[in-house]
Amino acid sequence: MTARKRSSGARARGRRPRRVVPARSALAPTGVVGRPGLRVDALAKVDGSARYIDDLRFPDLLYAAVRTSDLPHAEVLRIDVTDAQQVPGVVAVATFRDVPGQNQVGCVRPDQPLLVETRARWVGDRIALIAATDPATAKAAARVVKVDAVPLPGVFDVEQALATGAPAVHTGGNLIEEFCIERGDAELALRQADVVVEHRYLAPWQEHAYLEPQGVIAVPERGSMTIYGSMQCPFYVQSAVARLLGLPLSRVRVVQTVTGGAFGGKEDYPSEPACCAALLAHKSGRPVKFVYNREQDIQWSTKRHRMVIQHRLAARRDGTLLGAEIEILVDAGAYCGLTGIVAERANTSSVGPYLVPNVRVRTRTIYTNNPFGGAFRGFGAPQVTLAHEGQLDALAERLGRDPLDLRRQNALRPYAVAAWGEKLAPPVEYLETLAAAERLSGWSALRRQVEAHNRAGGRTRLGLGVGCCMYGSCLHAGGQHLEGSGALLQVHRDGSVSAAIGLTEMGQGAATVVARVAAEVLGVAVDQVEVLPTDTALVPDSGPTVASRTTPMAGHAVANAARQLRAQLLPAATGLLRCRANQVELSGGWARGPGRKKVAFADVAAAAFQAKAHLAASGWYAPPRKQFDRATGLGQPYSAYAYATQIALCEVDLATGVARVKKFFCAHDVGRAIFPDGVCGQIEGGAVQGMGYALTERLVVRDGRILNANFTDYLIPTIEDAPEVAIALIESGDEGGDKGRGTASQAKGPFGAKGIGEPSLIPAPAAVANAVSHALGARLTELPLLPDVIMAEIARRNLDNVPFVESAAT
Amino acid sequence: MAASEADLGRSPVALTINGRRTVLDAAPGERLLDALRRAGWLDIKESCGEGECGSCTVLLDGRAVCSCLLLAQSAEGADVVTAAATGHRVVGALRRAFVEEMGTQCGFCTPGMVLAAADLLTGDGDPDEAKIRRALAGNLCRCTGYHRILRAVQRAAAELREEVQP
């Protein structure tokens, strides 16, 4: 299959990109897939008519508030809610004693009570819940809940948490689990290498900072509960609420409302506010709303995991990589949450897209009394990518090599064996992304410009940094039991189409992709397809909306349903066109037969309805089973891989220590862009989130409490920080399958699409850190690179003693 | 979020919202944001509630302001425009441009973004890129990377210029 590339570098300068018409193949789309067009949900978003959770109204609505632990670690002796119950306007108060089912919200391990029984393990732990007729009353009542608690010593650092005698956050010690990769002999490789590069990287917490805070409304009804809310994973919420209330899943319905950003922050976490609201709704018999304000949202919700990564990379003098030894410590916080699954991805991703024959990786997850880690775009990969890409640049520097060239030398190619022992089936498009990023950035010329600028010795220094990744598309083998995904499609008798999926639109463009896939397969126009809000009552459990799996998984399910519907419509079409089924072509809202005969799709639908055809179809998709051995970390962890290369041009002001990204170049292997403008929008947004992580986003945590839970002190990028982002898309457009050459099958999405949500962010922090390191001639290994960090480095390297204007040195 | 004193000492605030003369029933200390949302203007979104993000931006007598930082009672006699406004030339052009250029993803910041840009384009029909960035620097977006927002504002400005010089 010929790869085709689409450059949108032109877009950055306000022009439309050059469109390249793809080579046609049996699998190539003929309709809307891959073509320009608009988001299906844009109109309602620009005029504000889209209804988010806080915009919903219910009669007799109550408002929830929470009394949390004031202490990061404490023995709770007594909880007295008498005063709170007597506040006028308070309708229900709940403590752990009021939970009818299990007092448990741990989404993987049962280590997290919804409400504290005897032990508080971080400042966000809930002691009591209040429902009142207005929010202020609920808050006032929460303040008068009396808690007798004895402070316990806390532990706030992963290394200290592992030391003997450290306070135990849970009985059984602070080490939760371990993951590894053991392949070849890493120790021997390190001993025999010409060069060993070793650094310790510190990847900090990151706040999601979606603009819409967490929010849910629980509506009770005769022994069942309906939850409306802002979320990624309605089926997680359904399970959590059912377990808490002791209800069968059939009595808990979850409806996702328009969701104002998530980025992983609404994967596991919404189960917590949902359980709070559900318990209060159960107790009061009235609908209960629980919408966080910004401070609560930042203080209580999960964060990108803080990781400490010790990375040793061994190479021959000619640059050939020989081995890697990597130790990763993951701060889980007070509860495990999704930490094990994040760690599993970090563990697998820690070597990067390189041929490294000898690998030893150990990843440990550790309890502390810190805020707890959860899902965040990239799921552990951005942290380890910071390390492996820092190492590649450090090695290039040590050997006097060009960073792109060193990567090319060691790149994984088709049929190469990845760190986890899997022989990679083609296409393996890593080299293509390297080449495309090199072209897009004008790498050699740009490097010469940067060097000339720095030799001139002005107030600023420039730096170029590369970041690359190999993203395992969809769920890791460890989570493959959740990988099945469903869809429900209905053709109405007027030819309009309703589509429901089990995964969610949260801003990323899933609804548009679903509409496009349905339209492409059914042969209708995109605006004939209405994508419904995700509702657990409509579609079977489709797993979580995570791991960049919505386009591949929901896309396949929709295509599957649409193919069934097509077959169900064909008899009506053949009747109207008076031809055989194989002569009918459905496309663009028409059914065409031989000899220019055509009828509108709507007429076909009407005729099919008259003929009592079944005009609904339930679609399902589950990728092939993957074999993976957790004990060695070897096997096939993912169904397919998406490769990316990003290049950052950064400028550092030596007088202020401010680093800025001036230009950013992205080359992504996306399989096929079903909605190219949406893909580019994801890349631009993900890249800028990654830049924020690298440069400005510092969560200040003291004794487990976040001190900057607001947007004045926690700095996400503004429009003044966001640089021009130039993009190249690499599309092989192959749906894949077992090539019968001893390689595992590459199961991709419909039309060969791979997810882009996470690969857009994963290499960005590394690229920026490498660029700033290049500018300063130092290796910066701890994020974020705020001015205090950079000024310290400038002082250490005496760069501040260099006069700002000097004649060009040789 | 509504204040608990909401039922005490309410007083009428007469103002114009999207061209319609309206009387809001506002409690002392109530934020303009809450009074407007309570009156059904749910296109105004609350994200930070502290004037840091711009999501709750409205035009108050033509200027973009954070409605979370204003008391409802201070808006007496004001002309308020929200993203839902019909028949507002600049807001209409911006809405179209945000759709065309895909300057929206999750959409939560979008109404505020449109209004901040409307303030800019009302005062300057041909702002350069730096001026657009400066004008929108108080409006946070976490999804788009701002690229398409910038292009949307440029597109709307061009469209509005063409309208006046046919």
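The values are calculated or read from the model by the stated rules, or taken from the named source; none is laboratory data. Quick caveat, the model's predicted, so the values are computed rather than measured. Backbone-built Cβ (ideal geometry, glycine too); neighbour counts: all protein chains shown. Accessible surface is based on the protein model in full, side chains and every heavy atom, while ligands, DNA and RNA are left aside. Shrake-Rupley method; radii C 1.70, N 1.55, O 1.52, S 1.80 Å.
Between chains A and B, what is the buried accessible area summed over both chains (1.4 Å probe, protein heavy atoms, nearest 100 Å²)?
4500 Å²
Only bridges whose two residues both fall in the range A:485-538 count here: according to DSSP, what percent of them are antiparallel, nearest 5?
60 percent
Can you pull the mean other chain C-beta count within 10 Å for peptide A:50-59?
3
What is the packing order of peptides A:639-645, B:111-117, A:760-766, A:121-127, taking the mean over residues of other C-beta atoms within 10 Å and listing the highest first?
So the peptides A:639-645, B:111-117, A:760-766, A:121-127, ranked by packing, come out A:760-766, B:111-117, A:639-645, A:121-127.
Ignoring everything but the protein chains, give the 1.4 Å probe accessible area of A:Tyr415 in square angstrom, nearest 10.
For A:Tyr415, solvent-accessible area is about 60 Å².
How large is the helix-only mean residue ellipticity at 222 nm for chain B, computed as the sum of -39500 (n - 2.57) over DSSP H runs with n ≥ 4, divided by its residue count, in deg cm²/dmol to the nearest 500?
Mean residue ellipticity at 222 nm (helix-derived): -11000 deg cm²/dmol.
For the range B:5-81, what is the relative contact order in percent, using Cα pairs closer than 8 Å and at least 6 residues apart in sequence?
36 percent.
Let's test the formula: R0 of 45 Å, r as the Cβ-Cβ distance of A:Glu530 and A:Glu782. What FRET efficiency results, to the nearest 0.05?
Once rounded, the FRET efficiency stands at 0.40.
Accessible surface of A:Lys423 in the full protein assembly, 1.4 angstrom probe, to the nearest 10 Å²?
The accessible area of A:Lys423 comes to roughly 90 Å².
Could you please put A:His453, A:His282 in sequence from largest to smallest accessible area, using a 1.4 Å probe?
Output order, biggest surface exposure first: A:His282, A:His453.
At 222 nm, what value in deg cm²/dmol follows for chain A if DSSP H runs of at least 4 each add -39500 (n - 2.57) and the sum is divided by all its residues, to the nearest 500?
It lands at -8000 deg cm²/dmol.
In the range A:704-729, what residues drop by 20 Å² or more in accessible surface going from the chain by itself to the full protein assembly, probe 1.4 Å?
A:Asn710, A:Phe711, A:Thr712, A:Ile716, A:Pro717, A:Thr718, A:Ile719, A:Glu720, A:Ala722
Run the accessible area of the protein assembly as shown with a 1.4 Å probe and give the carbon-and-sulfur part as a rounded percent.
Its accessible area is 51 percent carbon and sulfur atoms.
First check a/c for the protein assembly as shown, with a ≥ b ≥ c the square roots of the eigenvalues of its C-alpha gyration tensor; if it is under 1.5, answer rounded, and if not, answer prolate when a/b is larger than b/c or oblate otherwise.
Rounded shape, in that the Cα axes give a/c under 1.5.
Ranking request for peptides A:184-195, A:322-333, B:76-87: highest mean number of other beta-carbon atoms within 10 Å first, then the rest in descending order.
By packing density, highest mean first, the sequence is A:322-333, B:76-87, A:184-195.
Peptide B:84-94: average number of partner chain Cβ atoms within 10 Å per residue?
Across B:84-94, the average partner-chain Cβ count within 10 Å equals 1.
Ignoring ligands, DNA and RNA, how do A:Arg660, A:Arg407 rank by accessible area with a 1.4 Å probe, largest first?
Result, largest first: A:Arg660, A:Arg407.
Considering protein heavy atoms only and a 1.4 Å probe radius, which residues within the range B:40-54 exhibit an accessible-area decrease of no less than 40 Å² in the full assembly relative to the chain by itself?
Residues shielded by partner chains are B:Leu42, B:Lys45, B:Ser47, B:Glu52.
Averaged over A:36-43, how many beta carbons belonging to a partner chain fall within 10 Å of each residue's beta carbon?
4
Among all the lysines, which ones have a C-alpha under 20 Å from A:Lys139's C-alpha, if same-chain residues fewer than 8 places away are not counted?
A:Lys283, A:Lys289
Would you work out if the range A:69-131 is rounded, prolate or oblate? Take a ≥ b ≥ c from the square roots of the eigenvalues of the alpha-carbon gyration tensor; rounded if a/c is under 1.5, else prolate when a/b is larger than b/c, oblate otherwise.
Oblate, because a/c is 1.5 or more while a/b does not exceed b/c.
Among the DSSP beta bridges whose two residues both lie in the protein assembly as shown, what percent are antiparallel, rounded to the nearest 5?
Antiparallel bridges make up about 80 percent of those DSSP assigns within the protein assembly as shown.
Considering only protein heavy atoms, what is the solvent-accessible area of A:Met231 at a probe of 1.4 Å, reported in Å² to the nearest 10?
A:Met231 exposes around 0 Å² with every protein chain in place.
Among the lysines, which have Cα under 26 Å from the Cα of A:Lys612 when same-chain residues fewer than 8 positions away are ignored?
Correct list for A:Lys612: A:Lys597, A:Lys598.
FRET efficiency for A:Ala792 and A:Asp80, Cβ-Cβ distance as r, R0 = 35 Å, nearest 0.05?
0.10
If you average the sequence gap of Cα pairs under 8 Å that are 6 or more apart and divide by the length of the range B:89-160, what percent do you get for the contact order?
51 percent
Past the 23 Å Cα-Cα mark, which pairs from A:Lys303/A:Lys662; A:Lys45/A:Lys303; A:Lys266/A:Lys663; A:Lys626/A:Lys754?
A:Lys303/A:Lys662; A:Lys45/A:Lys303; A:Lys266/A:Lys663
Normalised by the number of residues in chain A, what is the relative contact order in percent for Cα pairs under 8 Å and 6+ residues apart?
Once divided by the residue count of chain A, the mean separation gives 17 percent.
Quick one: what Rg and Dmax do you get for the range B:89-160 from the alpha carbons, in Å?
Gyration radius and largest Cα-Cα distance of the range B:89-160: 10.4, 28 Å.
For the protein assembly as shown, what does the accessible surface come to per residue with a 1.4 Å probe? Please give it in Å².
Per-residue accessible area for the protein assembly as shown comes out at 35 Å².
Which trypsin sites (Lys or Arg not before Pro) in the range A:221-302 sit in a loop by DSSP (not H, G, I, E or B) and have at most 14 other Cβ atoms within 10 Å of their own Cβ?
For trypsin sites (Lys or Arg not before Pro) across the range A:221-302 that sit outside H, G, I, E and B with at most 14 neighbouring Cβ atoms in 10 Å, the list reads A:Arg222.
Rounded, prolate or oblate: which one fits the range B:5-81, using the alpha carbon gyration tensor with axes a ≥ b ≥ c (rounded when a/c is under 1.5, else prolate when a/b beats b/c, else oblate)?
Judged from the Cα gyration tensor, the range B:5-81 comes out oblate (a/c at least 1.5, b/c at or above a/b).
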